[in-house]
Amino acid sequence: MFRAAIVVLWVLAVGRLATAQYAGSQACKTCHPARFETQSKTGHAHALSLAASGSPGQWAFGAGGQATTYVSQVDSEWYLEHGLSFYTATRSMALTPGHTNADGMKYRTFDPIASVLRCFRCHSTGPLQLGAGYSIQPSEPGVRCESCHGAGAAHVKSGGRPGTIFNPKSLPSADLNEFCGTCHRKPPEPGQESDWSKPWNIRHEPDYLSHAACFRKSAGALSCLTCHDPHGALQQTKAEYDKRCVSCHRTARHRAVVAARACVDCHMPSVAAGPRLQFTNHWIGIYENGAKLLPSRQTAKNLLPLRPTAGKAPAPADPASFRPLFEQMLADREKQWGLKHSKVARSAADLGLFLESVGDLPGAEPPLRQALAIDRGNADPMLAADKENLAALLVSTRRGEEALVLFRQAAQGHDAEIAARSLAAMAALDAKNAESYYRAALEAEESAVGKNHPRVAILLDDLALALRQRDDNKDAEPLLRRALAIQEKALGPDHPATASTLNNLGSLLQSTGRLAESERLERRALRIFEEKLGPESMELATSCTNLADVLWTKGDRAAAAESYRRALAIDESVYGPDDPEVAADLTNLGGLLKESGQAGAAATYLRRALAIYEKAFGPSSPQALSARGRL
């Protein structure tokens, strides 16, 4: 759903949600009148309101600084995001971002992803409740005091005693970035990447800021609060931001004449995220040759890891707070329809999948089993989906044998898409029989979506990699080439998925001695990842490693070492200096240098790799033994 306003929320820990009491922003006014008045005029405070008379919807999302999007309840199960939004710059209605026509998009109220609930929660304060006809009722529209500071009744009752209210200012900068990112889009989890070539993603400020060297080298001095006062209106004067820049960059030297240009004009360019929308790029950096989406590739040392592993930021607008709403829907349907009705099964499945999505795996299992039992008794068409859902949960809780039984049953149902997913999951659980499972999954997927769908390409890749595990490159190669052809046609020649297949095919060709084509494919994959995923991604590091392998095999040790070093720099930047991924890079580089006669340098890298492996996996681990053997 489109968010035109800046939104930040806060909910106390899940264990306290049931007892924490919200006082409402008016209760804060008594002791904090000045901050109440200034915060009341911010975009945050007006992030959600009842739509004015004559508006197309029931609710107006966005403070109107750039746009306002309208949302209405359709019936007891659906909400509609209207296809036309009001744009302030043109004072006219036009297509809502992400929409292709004026019909709007429907969102199921109790979809396990909880899309519409998340939208209301990020644009309001306090827990959501259900009104008549399962309408969503915010406690207080707009993002007010307790959105960031947590439920304040205890603080009010104590007369403002210290320690009775939360202050986000106390968070370390990386945690604060995650905190604000809960609504402004936090940096993606490991294994996920942002497509930096899409201007629309510019509006995800915490993700972009997390990549900026300024942020990662500031030792916590730079945070969202450095430039943005949460109690005041968004600052529009560039000179005010320049003051923050100069506080650290007192002696900055420029290679070109900048005249009176503000720092943000060059280092945080404004980007058109749509025909009528402008957002500031928060990836602070050096932008050259008219670039606005990605800064020039820089080599920066001593950076805070891109994905810190220690500590967990608190979760404002925690979606776990929706649990009572899902439970209420289930209880109401049980009362209305009886314990064995298919509608009860659907609500039980929604609750279980929702709890799984927020990380409550123990809580998710009983409702998923409830849905399975009801549908089994009714011989319901959703039975295969129930088995797949429960099996996936069992995999997450390391009960693979039980999961295999359920996946096998799900694969025998009449839904080819469920069969394809279940068979692929079985392949991941049973490596010995992975090839046969992937072939069956491929057949089911082709039956479900046709032979040229991108999902077919994924299974072709998986099957090829399974074949390569037993050194069957001959049968794997045509599968990878077919996958590549599908992706190039369906997704485009420069899509990250296409680049992943290029990597896989390039690696195969390298192992079979076809080095010229292998190098060409690896360089093409590397270019795609640079353009789409930026200068720091796991995929780019893999491409650098694959290219280095090719160059080493060709005898170009100097170029191979340079490529290994780049992979090392990326992985150090992404994971930090002590991650096993970094140790793998160190081992590669150490082995190459040793073969090149640089024994001293090689030993330095290999000793560091050994130390990482010993700490991560133990002195007797296969990784540590391999590194020790190289030494």
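The values are calculated or read from the model by the stated rules, or taken from the named source; none is laboratory data. This is a predicted model, so every value here is computed, not measured. When we count neighbours, we look across all protein chains shown, and the Cβ atoms used for this are built from the backbone with ideal geometry, even at glycine.
Looking at segment 158-203, which of the residues that are surrounded by 12 or more Cβ atoms within 10 Å (Cβ to Cβ), over 20 Å from SER115 (Cα atoms) and among the small types (Gly, Ala, Ser) is farthest from the chain's Cα centre (by Cα)?
That would be SER158.
So how many residues does segment 562-606 have that are over 20 Å from SER511 (Cβ atoms), more than 32 Å from the chain's Cα centre (by Cα) and of a type outside the set (Phe, Trp, Tyr)?
13
Looking at GLY43, is it closer than 27 Å to ALA272 by Cα, of a type in the set (Gly, Ala, Ser) and surrounded by 20 or more Cβ atoms within 10 Å (Cβ to Cβ)?
Here the answer is no, as GLY43 does not meet what is asked.
With the condition being under 30 Å from MET538 (Cα atoms), I'd like the helices (runs of 4 or more DSSP H) fully within segment 119-198 carrying at least 2 qualifying residues.
Where helices (runs of 4 or more DSSP H) fall fully within segment 119-198 and carry at least 2 residues being under 30 Å from MET538 (Cα atoms), they are 173-184.
Has segment 502-518 got any residue that is more than 28 Å from SER596 (Cα to Cα) and part of a helix (DSSP H, G or I)?
yes
Among the residues of segment 82-106, count how many are crowded, with 19+ Cβ neighbours inside 10 Å and either touching a helix residue (DSSP H, G or I) at 6+ places or on another chain (Cβ under 8 Å) or not in a strand (DSSP E or B) (or both).
5
Which condition from (1) under 24 Å from the mean Cα position of the chain (by Cα); (2) within 17 Å of ARG323 (Cβ to Cβ) is the one that THR96 breaks?
Of everything listed in (1) under 24 Å from the mean Cα position of the chain (by Cα); (2) within 17 Å of ARG323 (Cβ to Cβ), THR96 misses just condition (2).
Determine if segment 447-456 includes at least one residue that is surrounded by 19 or more Cβ atoms within 10 Å (Cβ to Cβ), in a helix (DSSP H, G or I), modelled with pLDDT of 95 or more and small (Gly, Ala, Ser).
No, that holds for no residue.
Is it true that ARG439 is in a helix (DSSP H, G or I), under 16 Å from ARG481 (Cα atoms) and basic (Lys, Arg)?
no
I need the full set of residues from segment 20-58 which are of a type in the set (A, V, I, L, M, F, W, C) and touching a residue at least 40 places away in the same chain (Cβ under 8 Å), in order please.
Going through segment 20-58, the residues of a type in the set (A, V, I, L, M, F, W, C) turn out to be 20, 23, 27-28, 31, 34, 36, 45, 47-48, 50-52.
Scanning segment 20-58 gives ALA20, ALA23, ALA27, CYS28, CYS31, PHE36, ALA45, ALA47, LEU48, LEU50.
Taking the residues in segment 275-298 that are in a loop (DSSP other than H, G, I, E, B) and aliphatic (A, V, I, L, M) as candidates, determine which candidate is nearest to GLU530 (Cα to Cα). Walk me through it before giving the result.
The initial filter retains those residues of segment 275-298 that are in a loop (DSSP other than H, G, I, E, B), namely 275-276, 281-298.
Now narrow it down to the ones that are aliphatic (A, V, I, L, M): 284, 286, 291, 293-294.
Details: ILE284: 18, ILE286: 16, ALA291: 14, LEU293: 12, LEU294: 10 Å.
That would be LEU294.
To keep it simple, each residue is scored yes or no on (1) among the β-branched types (Val, Ile, Thr); (2) touching a residue at least 24 places away in the same chain (Cβ under 8 Å); (3) within 29 Å of LEU589 (Cβ to Cβ); (4) touching an Asp or Glu at 6+ places or on another chain (Cβ under 8 Å).
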position: ALA490; (1), (2), (3), (4): no, yes, no, no
position: ILE528; (1), (2), (3), (4): yes, yes, yes, yes
position: ASN546; (1), (2), (3), (4): no, yes, yes, yes
position: ASP549; (1), (2), (3), (4): no, yes, yes, no
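Taking segment 66-93, which residues are within 25 Å of ALA320 (Cα to Cα) and among the β-branched types (Val, Ile, Thr)?
VAL71, VAL74
Got a sec? Which helices (runs of 4 or more DSSP H) wholly within segment 532-631 have at least 1 residues that are closer than 24 Å to THR498 by Cα?
By residue number, 538-554, 557-575, 580-595.
Take the residues of segment 204-220 that are aliphatic (A, V, I, L, M) and modelled with pLDDT of 90 or more: which is surrounded by the fewest Cβ atoms within 10 Å (Cβ to Cβ)?
ALA212
Listed here are the residues, each with its yes/no results for (1) surrounded by 18 or more Cβ atoms within 10 Å (Cβ to Cβ); (2) acidic (Asp, Glu); (3) more than 30 Å from LEU95 (Cβ to Cβ); (4) at pLDDT 95 or above.
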| site | (1), (2), (3), (4) |
| --- | --- |
| PHE279 | yes, no, no, no |
| GLY290 | no, no, no, no |
| PRO295 | yes, no, yes, no |
| ALA313 | yes, no, yes, no |
| SER342 | no, no, yes, yes |
| GLY352 | yes, no, yes, yes |
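Just a yes or no: is a residue in segment 465-477 touching a residue at least 24 places away in the same chain (Cβ under 8 Å) and touching a Phe, Trp or Tyr at 6+ places or on another chain (Cβ under 6 Å)?
yes
Being within 25 Å of LEU117 (Cα to Cα) and surrounded by fewer than 21 Cβ atoms within 10 Å (Cβ to Cβ) is the filter here; which residues of segment 357-381 pass it?
SER357, VAL358, GLY359, ASP360, LEU361, PRO362, GLY363, GLU365, PRO366, ARG369 - these are the residues of segment 357-381 that are within 25 Å of LEU117 (Cα to Cα) and surrounded by fewer than 21 Cβ atoms within 10 Å (Cβ to Cβ).
Looking at segment 114-138, which of the residues that are among the β-branched types (Val, Ile, Thr) and more than 15 Å from GLU327 (Cα to Cα) is nearest to the chain's Cα centre (by Cα)?
Let us first name the residues in segment 114-138 that are among the β-branched types (Val, Ile, Thr), namely 116, 125, 136.
Then drop every residue that is not more than 15 Å from GLU327 (Cα to Cα), which leaves 116, 125.
Numbers: VAL116: 18, THR125: 24 Å.
Result: VAL116.
Identify all residues within segment 382-408 that are assigned to a helix (DSSP H, G or I), surrounded by fewer than 19 Cβ atoms within 10 Å (Cβ to Cβ) and polar (S, T, N, Q); write none if there are none.
Within segment 382-408, just SER396 meets the criteria.
Which of the residues that make up segment 329-359 are among the small types (Gly, Ala, Ser) and free of Cβ contacts under 8 Å to residues at least 40 places away in the same chain?
Selection gives ALA331, GLY338, ALA348, GLY359.
Give just the number: which of (1) free of Cβ contacts under 8 Å to residues at least 60 places away in the same chain; (2) farther than 26 Å from ALA174 by Cβ; (3) among the aliphatic types (A, V, I, L, M) does ALA272 not satisfy?
With (1) free of Cβ contacts under 8 Å to residues at least 60 places away in the same chain; (2) farther than 26 Å from ALA174 by Cβ; (3) among the aliphatic types (A, V, I, L, M) applied to ALA272, the lone miss is (1).
Give the residues of segment 62-78 that are more than 17 Å from ALA102 (Cβ to Cβ) and either assigned to a strand (DSSP E or B) or small (Gly, Ala, Ser) (or both), sorted by residue number.
Selection gives GLY62, ALA63, GLY64, GLY65, GLN73, SER76, TRP78.
What number goes with the only condition from (1) out of contact with any Gly (no Cβ under 8 Å at 6 or more places or on another chain); (2) within 30 Å of LYS29 (Cα to Cα); (3) surrounded by 12 or more Cβ atoms within 10 Å (Cβ to Cβ) that ALA233 does not pass?
The one condition ALA233 does not meet is (1).
Yes/no matrix, rows are residues, columns are (1) in contact with a strand residue (DSSP E or B) (Cβ under 9 Å, 6 or more places away or on another chain); (2) assigned to a helix (DSSP H, G or I); (3) hydrophobic (A, V, I, L, M, F, W, C):
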position	(1), (2), (3)
LEU209	no, yes, yes
PHE215	no, yes, yes
ALA221	no, no, yes
THR226	no, yes, no
ASP229	no, no, no
ALA233	no, no, yes
ASP242	no, yes, no
VAL246	no, yes, yes
ARG250	no, no, no
